[in-house]
1. Determine which member of the set Val155, Val161 is of a type outside the set (Asp, Glu), within 13 Å of the chain's Cα centre (by Cα) and surrounded by fewer than 19 Cβ atoms within 10 Å (Cβ to Cβ).
2. Only one of Leu71, Leu45, Leu97 is surrounded by fewer than 20 Cβ atoms within 10 Å (Cβ to Cβ), touching a residue at least 24 places away in the same chain (Cβ under 8 Å) and in contact with a Gly (Cβ under 8 Å, 6 or more places away or on another chain); which?
3. Suppose we keep only residues that are assigned to a helix (DSSP H, G or I) and without any contact (Cβ under 8 Å) to a residue 24 or more places away in the chain within the range 74-91. Which one would you say is surrounded by the fewest Cβ atoms within 10 Å (Cβ to Cβ)?
4. Counting just the residues of the range 21-48 that are among the β-branched types (Val, Ile, Thr), more than 21 Å from Pro176 (Cα to Cα) and part of a helix (DSSP H, G or I), which one comes out modelled with the highest pLDDT?
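The values are calculated or read from the model by the stated rules, or taken from the named source; none is laboratory data. Just so it is clear, the structure is predicted and the values come from calculations on it, not from any experiment. Here the Cβ positions follow ideal geometry from the backbone for every residue, glycine too, while neighbour counts run over all protein chains shown.
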Amino acid sequence: MVENQVKKKVVPTFTDRLRVAFSQPLEKIGSYLAARNIQANWITLTGVIGTLIGSMLVSQGWLVVGGSVILVVGILDAFDGAVARASQSPKQFGAFLDSVSDRYIEIFIYGGLLFYFMQSDNNLGMIFSYIAVAGSVLVSYVRARAESLGLEAKVGILTRVERMVVIGPAILFNIPLIGVILVGVLANFTALQRFFHVWQQTNEIE
C-alpha cells in the first residue's frame, strides 16, 4: 500500500484555468446567493433535476430544447461551490454530493442520447453513447481511487468540464453523433492518461 504521496508538478487543466479566470465573479455571485439563504446543495440538486428533464427531452428528439436546458443548468455547477464557501456551510457532504451528482448528470445525458439513437436505429450512436458514459465514469473513478491511495491523478485532456463543452453544443446544434464519438474516444484516452500517470508515481515510490 502506498504510504507517501508523490508530489509532482502538474500542468493546470482547462478546468483549473477556468476557475482562476472566473474566480472573482463566481465568489461575488456566491456571496450574493448565500446572503439570500440559497443553499449550495439546493443548487447541486437543481442541476441534477434540470439535467434529467433536459435528457428526457433529448431522448424524445427535442435536441435543441433539451440541449439548451442541459447547458443552462450546467452553469449551476459553477455556483454551488462558491455558495458553500460564502455561506461557510459544512463542505464535506457538499463535496461528496457534488461528485455523485456529476456522475448522475453524465449518466442521464448519455442515457438520453442512447434512447434517442435507439429510436432512430443508429447503432453507431448507441455504441458510442455507451463508450462515452463508460469513459466518463472511468475518468472520475481513476482519480478518486488514486487520491484514496495518496496519489494525484488530475491530468488528462478531457475532464468533466471539457466533456460538457463537447457534448452540450453537440446536442444543441443537432450533431449528437459527433459529440458522443469525441467524448467516447477522448474520455477513455483521458482515463488511460490518468492510469499511466498513477503507474509512474507508484514506480517512483517503489
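1. Val161
2. Answer to the check: Leu71.
3. Checking each candidate, the answer is Ile75.
4. Only one residue tops the list, namely Thr46.
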